[in-house]
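Reviewing the structure listed below.
The values are calculated or read from the model by the stated rules, or taken from the named source; none is laboratory data. Every value quoted in this text rests on a predicted model; they were computed, and no experiment measured them. Reconstructed Cβ throughout: ideal geometry from the backbone, glycine too, with neighbour counts over all protein chains shown. Accessible surface areas use protein heavy atoms only, side chains included; no ligands, DNA or RNA. Shrake-Rupley method; radii C 1.70, N 1.55, O 1.52, S 1.80 Å.
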Amino acid sequence: MAEHQHEPVPYKTFILIWVVLLVLTVVTIAVSRIQLDALNIWVALAIASIKSSLVVFIFMHLRQESKLFKIGLVTLLVIVAIFIGLTFTDVLYR
Amino acid sequence: MTKIALKNTGFYSESPRSGILGWLLSTDHKRIGIMYLFCIVTMFLVAVCLGLALRLELIAPGPTIMGPQTYNATFTVHGIIMIFLVIIPSIPAAFGNLVLPIQIGARDVSFPKLNLLSWYCYIIGAVLAVIAIFSGGGAPDTGWTFYVPFSTQTTTNVNMAVTGALMLGFSSMLTGINFVTTIHRLRAEGMGWGRLPIFIWTLYSTAWIQVLATPMLGITLILIVLERVFGAGLFDAARGGDPILYQHLFWIYSHPAVYIMILPGMGVISEIIPTFSRKPLFGYWAMAISSLAIAFAGSLVWAHHMYASGMSDFAILIFSFLTFIVAIPSAIKIFNWVSTLYKGSIQLAPPMLHALAFIFNFAIGGLGGLALGAAASDIHLHDTTFVVGHFHYTMFGGTGFAFFAALHYWLPKFTGRMYSHKPAVIAWALLFVGFNVTYMAMQAVGIQGMPRRYYDYLPEFQTLNVVATVGSWVLAVGLIMMFVNLWNGIRKGTPVGKNPWGSATLEWSIPSPPPLENFGEKDPVVTKGPYDYKGVIADEY
Amino acid sequence: MSIEHRDDTGARFGMWLFLYTEVILFSGLFILYAMALAKYPQEFAEASHKLNIYFGTINTIVLLTSSLTIALAITAIQRNKIKQTLTLCIVTIVLAIVFLINKYFEWSAEISHGIYPGSNHMAELGPGITAFFNLYYFTAGLHGVHILIGGTLIGVVAAMVAKGKVTSDRYTLLENSALYWHLVDLVWIFLFPLYYLIL
Ligand code: HEM
Ligand SMILES: [Cu+2]
């Protein structure tokens, strides 16, 4: 049975992404040494989200997958956000 | 039709291995489904006996047949078995496996080996749960909810029970992964999304919940074990923990889990009602979408179990509001079933009777749920036997009756034999009456203020408790009669053809019992909808 | 009798679904973290300082690199370069081991300071710091278990590559274990700033 397979991603792309990830790691450490109060955690989370999108889309080939895979991921993220967000309605207002 | 021994027909006769190994190592979805069915019914009967014992204890105030510790252990084990070993896998794992691939025109699920692994997880979980009763510091006495701090302090065998529940969660999750993938990838040619039977839609929604909610149970249970081993204080307020967060984590899984329990039951009913009304299902897309909507909305409401826990008033407000939203898609379903019945040529065969009982019971359970969803009334009703009555109405009166309906509907397909209808109808009547007497009485006494999970009660509650206990005996007689009748049907019932009920879904177009790989040489091509009864004729039996 | 059915996309989709379950598993711990952080921001910053940022950074680099090597292994097998594939798998496993050794030293240092779940010293540090370290140990511990599983998985698949059971036109197993490995990396991408870098 013929199977749809992905085009190989060139080594170069992967290595480039790896370099970006390392740079972002340095950035996140550097930023964390600056006192921004509550903002620190949001910046850290933002950088972590960028890093993970790179891993998910490039390293994990999500870019090459069909829509179904992407919808699934969005569903997951929405659910996780609901779980965390609604728990805050309790903890923050006690 | 001539009678041939069951083991010489259909998929029972075709297996690469013979004897018991042909079952234990089989990756055929039908064999796995039958194995699940067998285990689930066995566990159900065990837990029913425990339930009857609880009811017997409550026939009079004070200790009658057991003391407090035994009572605590009994309701805990009854709850654990009923929830994790019976109701959660009942319809999805047993009938999902039997029916799903055939209804979408596939030869098996996407990952047959994973399917078998999932069954083994179930068995390991079951064995651990049973061992937990008889070993260590005695049977767990925490209730099936394992609330902290008691669950991290009691000396009973919570560790093993929790590990068992973890394995059962794993089993359920793997089944979910398998079903989502199967429904996406293995639909036959022509089986578009608009032609999926509603049973498939509900299994699909359920499978997503199994994937996205079950791991939360996993981590919660892991944390209990870690807490018991290390004594770290994760949920101990004095050490920076928060006992209410345990309840959040637990219900983040366990509320969606009630939709794992009920959605497939709704799917079964959605197959049976049109078949026995000889009418297409009313509002196909409303039914399909409301299944997804229930699954999604189910993830928004978990803290309605916690109004009395001490969580914030703001959260109570939000969760109470959200809870009422879930009532909408559930009500849509009830309306659509009733509209399907309207002006149909209704045939009161046993599956249909159970389906109608489902609608009746589930409506009562659902409305009771609204009383519990409203924070004001819940503060009064919380932890009374009203709650126990309510969830038995939804889980037993709902899913349980849907399971019985599924047994009466599909067993002839998978055994090729028809049970006798008269005892089936009498058993149904006993079940219906016994069930309603038992749990209506429990709801009533709950409103009067009788707390749940106690072996004892004040004398003024006795009348209703006696009624409930007598009801449970009627229920028991009905159960015995039903299972005996089904068993006789399997062994010596009249052989049936492909389509005894005149249904239009795919499983009725192949022999009963179906052959290995279901469809013979050629893959099926689907050309009509699941409820298109034009030209469909029921076989005589 | 049985008709050979092959569905690589289905297999990958199944793996993604499994990864979702892993994300939810960890999200339970992250929920506990978020709630405790909201309650004890000062104590969390203080506790975070007690963690050794060098260990954390090195392990971040190790994991990112291992993610790279296993991603490269996929390209290698697609191009039918079996030897390269094997080398890359082995490098990944070695990096996994480096990560665990690093973790071992980090944890022994902390434990020798009396910081571990249920210790007496922790009780003296107060509720906020205790909450931090409890969560830190359980999250990092669960993550460590995943490293072990992922490394083993890659080892098994590498053996299958060597035996010719996983080939350039049938490599879903390698892809799926790579996906698992990336997930382990993803968890760490969040774990690292949340535990080592809060100020
Ligand atoms: C003949 C059938 C049954 C009888 C007589 C029965 C009776 C009872 C009784 C008396 C209790 C304890 C009330 C208390 O003191 O709190 C109970 C609890 C419970 N039952 Fe049943 N039951 C039956 C079937 C079922 C079924 C089919 C299910 C599930 C689908 C179920 C699920 C539960 C659960 C989850 C609890 C709560 C346990 C706990 O408090 O932790 N039962 N049942
Ligand atoms: Cu609920």
| field | Solvent exposure of the range A:11-92 as accessible area per residue, Å², 1.4 Å probe | value | 48
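How high is the relative contact order of chain B, in percent, counting Cα pairs under 8 Å that sit 6 or more residues apart?
18
Which whole-number percent is the relative contact order of the range C:8-196 (Cα, under 8 Å, 6+ apart)? Write out the running numbers ahead of the final one.
On the way: 168 pairs, mean separation 63.2, N = 189.
Relative CO of the range C:8-196 lands at 33 percent.
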| task | Only helical DSSP H runs with n ≥ 4 go in: add -39500 (n - 2.57) per run for chain B, normalise by residue count and round the 222 nm mean residue ellipticity to 500 deg cm²/dmol. | result | -21000 deg cm²/dmol
| request: Could you tell me the total accessible area buried at the B-C interface, probe 1.4 Å, in square angstrom to the nearest hundred? | output: 2800
| note | For residue B:417, other-chain or 5+-apart residues with amide H closer than 5 Å (H placed, Pro excluded) are B:496
| Between helix B:112-134 and chain B: long-axis angle, C-alpha atoms, 0 to 90°, nearest 10 | 40
| request: Could you please state, rounded to a whole Å, how far the C-alpha centre of the range C:29-73 is from the C-alpha centre of the range B:30-101? | output: 43
| request: Kindly provide the helix-only [θ] at 222 nm of chain A, computed as the sum of -39,500 (n - 2.57) over DSSP H runs of four or more divided by all residues, to the nearest 500 deg cm²/dmol? | output: -23500 deg cm²/dmol
| remark: Those residues in the range C:154-199 that give up at least 50 Å² of accessible surface, probe 1.4 Å, once the partner protein chains are present instead of the chain by itself are C:182, C:186, C:189, C:190, C:197, C:199
| task | Could you state the accessible area per residue of the range C:14-122 in Å², with a 1.4 Å probe and every protein chain left in place? | result | 39
| Could you give the nm distance between label points at residue C:145 and residue B:135, where each point is 7 Å from its Cα heading toward the beta carbon? | 1.9
| note | With every protein chain kept in place and a 1.4 Å probe, the range B:7-153 has an accessible area per residue in Å² of 35
| remark: The alpha-carbon center of the range A:79-94 and that of the range A:14-33 are separated, in whole Å, by 30
| remark: Taking Cα atoms only, helix B:68-80 is inclined relative to the longest principal axis of chain B by an angle, in degrees rounded to 10, of 30
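For chain B, what % of the accessible area comes from carbon and sulfur atoms, probe 1.4 Å?
It is 70 percent, rounded to a whole number.
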| remark: Cα gyration tensor of the protein assembly as shown diagonalised, 5x eigenvalues square-rooted, in angstrom largest first, produces semi-axes 45, 36, 23
| What is the interface area between chains A and C, defined as buried accessible area summed over both chains with a 1.4 Å probe, reported in Å² to the nearest 100? | 4500
| said: If you fit an axis through the alpha-carbon atoms of helix B:462-492 and take the longest principal axis of the Cα set of chain B, what angle between them do you get, 0 to 90°, nearest 10? | reply: 30
| field | Distant-in-sequence amide H partners of residue B:384 (H built 1.01 Å from N, under 5 Å) | value | B:452
| task | Please express the Cα-Cα pair-distance distribution P(r) of the range B:24-177 as a list of whole percents, one per 10 Å bin, running from 0 to the bin with the greatest distance. | result | 12, 37, 29, 16, 6, 1
| Accessible area of residue A:51, 1.4 Å probe, to the nearest 10 Å²? | 10
